[in-house]
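Novice: My questions all concern the structure below.
The values are calculated or read from the model by the stated rules, or taken from the named source; none is laboratory data. The shown structure was predicted, so the numbers you read here are calculated from the model rather than taken from an experiment. For neighbour counting, all protein chains shown are included, and Cβ atoms are generated from backbone atoms with ideal geometry for every residue, glycine included. What goes into the accessible areas is simple: the full protein's heavy atoms, side chains included, and nothing from ligands, DNA or RNA. Shrake-Rupley method; radii C 1.70, N 1.55, O 1.52, S 1.80 Å.
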Amino acid sequence: MKNNLKYLFPLVVGFSGTVMAQSTTANLPNVVYIMADDLGIGDLGCYGQRQIKTVNIDGIAQNGMKFMQHYSGATVSAPSRCALLTGKHMGYAAIRGNDKVEGSDGLLYETPLPAEEKTVADVFKSRGYATGCIGKWGLGGPGTEGMPNKHAFDYFYGYLGQRFAHSYYPEFLHENDEKIMLNGKFYSHDLMLEKALNFIDKNKATPFFLYFSPTLPHADLDIMDKEMKKYEGEFCETPFGGRGYKEQRNPRAAYAAMVTYLDHSVGLIIDKLKEQGLYENTIIIFTSDNGVHAEGGHDPDYFDSNGPFRGHKRDLYEGGIRTPFVVQWPGVIPAGVITDHISAFWDFLPTISDLLQTKSPQGINGISYLPTLTGKGKQKKHDYIYYEFFEAGGKQSIMNLDGWKLIRLEVSTPAKTYEELYNIYRDPAETTNVIRQYPEIAKKLKEKIESQRTENSHFHF
C-alpha cells in the first residue's frame, strides 16, 4: 500500500530498556494527552504550516513520532471525545452526536455518557494513576451520569458543556461538581492552563494521566491584545461581523494568535514537566478533536488549515476527520520518526491497556498502536475505518486498508441518499468521485457497513 503524498516512513528502531520492566507504580510513565479544539492538520509547522508559529508542538514531532494518517473519533466534538475515552468508533459509541440534555441546573449540556461505559481513565485508575480532565468535557452536565468524576476522573476543571465554550470569557466554569462563577471577567484558557500546571505539581510523586482539552482555537476568535499584536498587520483582513459569534476585525490575525498561544501553553506544560523532573518519564501526545472549523470568521483555506485534504469539521472527507497526531516518549521513541500506520482515537484506550498490561473493557473497536510507538511486537491493523454523522442530512463513510473510501450522504432521507467513492492513496484530496468506474468496490464497502455498527436508540438515521 503506497501513499502518493510521498512521505518517508522510517522504521522505529529499538530502544533501551523495556516498556514495563517493573510493575511498581513508581516506574510507570506519566501520560499527558493534549487535544486542541477544531485545529486543522495543516495549522502546525510539522505538517506544513508556514505562516503560524507552533514551535513547541513541532518540537514534540521532532523529538518523537509524527503520524501521517491518524483519525479523530468523529467530525464534531462530543462524539469524538466519546470515542477517545471509550475505545469505540461511531458505529458502536454511546454518544454519536452533539444532542443536548438538561442538567440539574436547568441548562443544556451534551448527552450524558452512560454509567456503564468504562473509560481510559478507568484503565489508568486500575494501575494507581491520578487522573485529571481539564478543559472541555462535553459528555454530560451536572446531576447526570455523564459527569467526569463518575467516569474515573479524580479531578475536573473547565467547561462541562460545549455551547458555553464558545466564549473565552464565560459566566462560569465547573470544578468537579461545583459551579465557579466568573461573570465574564477571566480568559478561560489561562485558568484551565493554570489548573493543568497545578495538577502536575500536585501529582508529581505518583503516576498521572492528564487529559488536557483546551478550547483553542475554536470560535469565538478571541485572544488578548498582547497576543494579537504578534500577527496584526501580517495578513490581508476581512472583518467578521458576528452572526452567532463575537465580532472580529482581524480574524486571520486572531486565529493565528490563538494557535500560537495554544502552542505556548504546550511549551509551559513541557517546562513544568522538566522543572519537576518528570519530563523523561512522561509520554506527551498532541492532537485535535476533529478537522478545522470554518466559523466565527475563520477562513481555513487562507492558512491551508486542512492541508492537502478536502473538507472541514462536519465533513467525512479527510479534512473533517484526519487530525494531527504527534507523540513524544523519551528513551522509547527515537527523534524524528514518521509513521503511516492508520490509527484513530478509539485506539488510545487499548494502547494504554497494552502499556499498563491490563485488560481492555469488553466491546471496544480500538487496536493498540503500542508496537508502532516502541518498535516492538507485531502491529495489528484496522480492516476498516467507519464513521456516521447525524447532522447535515446524515452521513456515513467507510474506508478499507487499500484506501478505498465510500461516503454516503443524505442518509436520513433514503430517497435522497447518494454515494461517492474515492481512493485516498491515488486521490488524497478526494477530488474525483469514481463510483461509476468501480461500482463493485462501492457495493462491497456498502455491504460492510452493517457489520461496523449497532443501532443506537438516541442517535439513529
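Novice: Note down the magnitude of the dipole of the chain about its Cα centre, charges +1 on Lys and Arg C-beta and -1 on Asp and Glu C-beta and zero elsewhere, to the nearest 20 debye.
Specialist: Dipole about the Cα centre, nearest 20: 1160 debye.
Novice: Also, I was wondering about something else. Report Rg(Cα)/(2.2 N^0.38 Å) for segment 327-461, keeping two decimals.
Specialist: It is 1.24.
Novice: Could you list log10 I(q)/I(0) for segment 213-299 at q = 0.11 Å⁻¹, which the Debye formula gives when each Cα is one point scatterer?
Specialist: -0.38
Novice: In deg cm²/dmol, rounded to 500, what helix-only [θ] at 222 nm does the chain give when every DSSP H run of at least 4 residues adds -39500 (n - 2.57) and the total is split over its residues?
Specialist: Theoretical 222 nm ellipticity from helices: -6500 deg cm²/dmol.
Novice: Which of the lysines could a cross-linker span from Lys313 if the Cα-Cα distance has to be under 21 Å and same-chain partners fewer than 8 positions apart are dropped?
Specialist: Lys88, Lys100, Lys136, Lys246, Lys395, Lys405
Novice: Now a separate question. Where in the chain are the DSSP H helices whose alpha-carbon span along the long axis reaches 27 Å or more and whose Kyte-Doolittle mean is at least 0.0?
Specialist: In the chain, the long hydrophobic H runs are 251-275.
Novice: Now for a separate question. Enumerate the whole-percent occupancy of each 10 Å bin, from 0 to the last occupied one, for all C-alpha pair distances of segment 49-182.
Specialist: 12, 36, 33, 17, 2
Novice: Specify, per residue and in Å³, the volume enclosed by the convex hull of the alpha carbon atoms belonging to segment 352-394.
Specialist: Taking only Cα atoms, segment 352-394 has a hull volume of 117 Å³ per residue.
Novice: If I take every Cα pair under 8 Å that is 6 or more residues apart in segment 210-353, average their sequence separation and divide by the length, what percent do I get for the relative contact order?
Specialist: 20 percent
Novice: Identify the trypsin sites (Lys or Arg not before Pro) of segment 125-220 meeting these criteria: DSSP loop state and at most 13 other C-beta atoms within 10 Å of the C-beta.
Specialist: Taking segment 125-220 and a limit of 13 other Cβ atoms within 10 Å, the loop trypsin sites (Lys or Arg not before Pro) found are Lys185.
Novice: Give me the distance in nm between label points sitting 7 Å out from Cα along the Cα-to-Cβ direction at Asn281 and His264, one decimal.
Specialist: Using points 7 Å along Cα→Cβ, the separation is 3.2 nm.
Novice: For segment 28-105, which trypsin sites (Lys or Arg not before Pro) are both in a DSSP coil and crowded by at most 13 other Cβ atoms within 10 Å?
Specialist: Sparse-neighbourhood loop trypsin sites (Lys or Arg not before Pro): Arg50.
Novice: If I take all pairs of Cα atoms in segment 375-432, what percentage of them are more than 15 Å from each other?
Specialist: The share of Cα pairs beyond 15 Å in segment 375-432 comes to 57 percent.
Novice: Can you flag which of Lys118/Lys179; Lys53/Lys378; Lys380/Lys446; Lys416/Lys443; Lys195/Lys226 are past 27 Å Cα-Cα?
Specialist: Lys53/Lys378
Novice: A further question follows. For segment 271-380, what is Rg from Cα atoms divided by 2.2 N^0.38 Å, rounded to two decimals?
Specialist: The reported ratio for this selection is 1.27.
Novice: To two decimal places, what compactness ratio does segment 256-320 give when its Cα radius of gyration is scaled by 2.2 N^0.38 Å?
Specialist: Cα-based Rg divided by the globular estimate yields 1.44.
Novice: How much of the accessible area of the chain, probe 1.4 Å, is carbon plus sulfur, in whole percent?
Specialist: 49 percent
Novice: Heavy-atom accessible area per residue, the chain, 1.4 Å probe: how many Å²?
Specialist: 39 Å²
Novice: With bins 10 Å wide starting at 0, give me the P(r) of the chain over every alpha carbon pair, in whole percents.
Specialist: 4, 21, 33, 28, 12, 2, 0
Novice: Under the definition of Cα pairs under 8 Å and six or more residues apart, what whole-number percent is the relative contact order of the chain?
Specialist: 24 percent
Novice: Whole Å is fine, so just give me how far the alpha carbon centre of segment 137-159 lies from that of segment 191-241.
Specialist: Each part's Cα centre sits 21 Å from the other's.
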